[in-house]
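**Student:** Structure incoming, see below.
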Amino acid sequence: RAQNKDECGSGCFLINHTANYRPQTRKARSMVEHGKIGTIRHINASMSSPLSWLFDNPQNRGWTEPTSDEMVGNGFCWGQSSHLLAWIYHVCPTLHPQKVFCAMNYSSVTNADVSHSATIVCSDLSSC
């Protein structure tokens with residue numbers, strides 16, 4: 001586990017995945033890995049929170065706009081969706097994204113993304 005920039009290099013990107021290590025997640029991953037629920041053919045997942053107070057306030061720069069040259073964007077998708085996707089790919093490690101279709105809505109005050117939807121078409125590497 002990298003502790004600083006020198007250990008992981010300039011291309012390092014770290015995300016908090018604490019949900020991956022909860023007992024429920026370990027059980028879900030074990031069930032998938034051992035075929036207890038069959039082959040995963042479709043996942044329907046969502047993550048939402050009432051965060052307009054955060055993303056509609058221009059004073060919350062760290063949440064509503066990039067605060068350094070290294071940041072590409074910010075908002076709900078940039079700050080929160082990574083956790084849901086990381087959980088899915090942790091529980092189903094053989095899924096490999098092939099196509100992505102998505103849409104986003106933006107705050108009229110800050111232009112931060114406030115809601116989004118995505119469909120990710122995957123192949124299962126274990127069946128290739």
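The values are calculated or read from the model by the stated rules, or taken from the named source; none is laboratory data. Here the structure is a predicted model, which is why all the values come from computation and not from measurement. Here the Cβ positions follow ideal geometry from the backbone for every residue, glycine too, while neighbour counts run over all protein chains shown. The accessibility values were calculated without ligands, DNA or RNA, using every heavy atom of the protein model including side chains. Shrake-Rupley method; radii C 1.70, N 1.55, O 1.52, S 1.80 Å.
**Student:** Could you check region 27-49 and list, in sequence order, the residues that are without any contact (Cβ under 8 Å) to a residue 12 or more places away in the chain, outside any loop (DSSP other than H, G, I, E, B) and open to solvent by less than 100 Å² (accessible area, probe 1.4 Å)?
**Tutor:** Scanning region 27-49 gives Ser30, Met31.
**Student:** Given the conditions (1) in a helix (DSSP H, G or I); (2) in contact with a His (Cβ under 7 Å, 6 or more places away or on another chain), report the number of the one that Gly62 does not fulfil.
**Tutor:** (2)
**Student:** How many residues does region 75-107 contain that are more than 25 Å from Thr18 (Cα to Cα) and in contact (Cβ under 8 Å) with a residue 40 or more places away in the chain?
**Tutor:** Residues that pass the stated criteria total 1.
Residues checked against (1) open to solvent by less than 90 Å² (accessible area, probe 1.4 Å); (2) touching a helix residue (DSSP H, G or I) at 6+ places or on another chain (Cβ under 9 Å); (3) modelled with pLDDT of 85 or more; (4) in a loop (DSSP other than H, G, I, E, B):
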| site | (1), (2), (3), (4) |
| --- | --- |
| Ala19 | yes, yes, no, no |
| Thr25 | yes, yes, yes, no |
| Thr67 | yes, yes, no, yes |
| His90 | yes, yes, yes, no |
| Met104 | yes, yes, no, no |
| Val114 | yes, yes, no, no |
| Ala118 | yes, yes, no, no |
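**Student:** Still on this structure: Assuming Gly79 fulfils every condition listed in (1) modelled with pLDDT of 80 or more; (2) open to solvent by less than 60 Å² (accessible area, probe 1.4 Å); (3) of a type outside the set (Lys, Arg); (4) in contact with a helix residue (DSSP H, G or I) (Cβ under 8 Å, 6 or more places away or on another chain) apart from one, which condition is it?
**Tutor:** (1)
**Student:** Right, next: Tally the residues that are under 30 Å from Val91 (Cα atoms), open to solvent by less than 60 Å² (accessible area, probe 1.4 Å) and not aliphatic (A, V, I, L, M), restricting the search to region 50-61.
**Tutor:** Matching residues across region 50-61 total 1.
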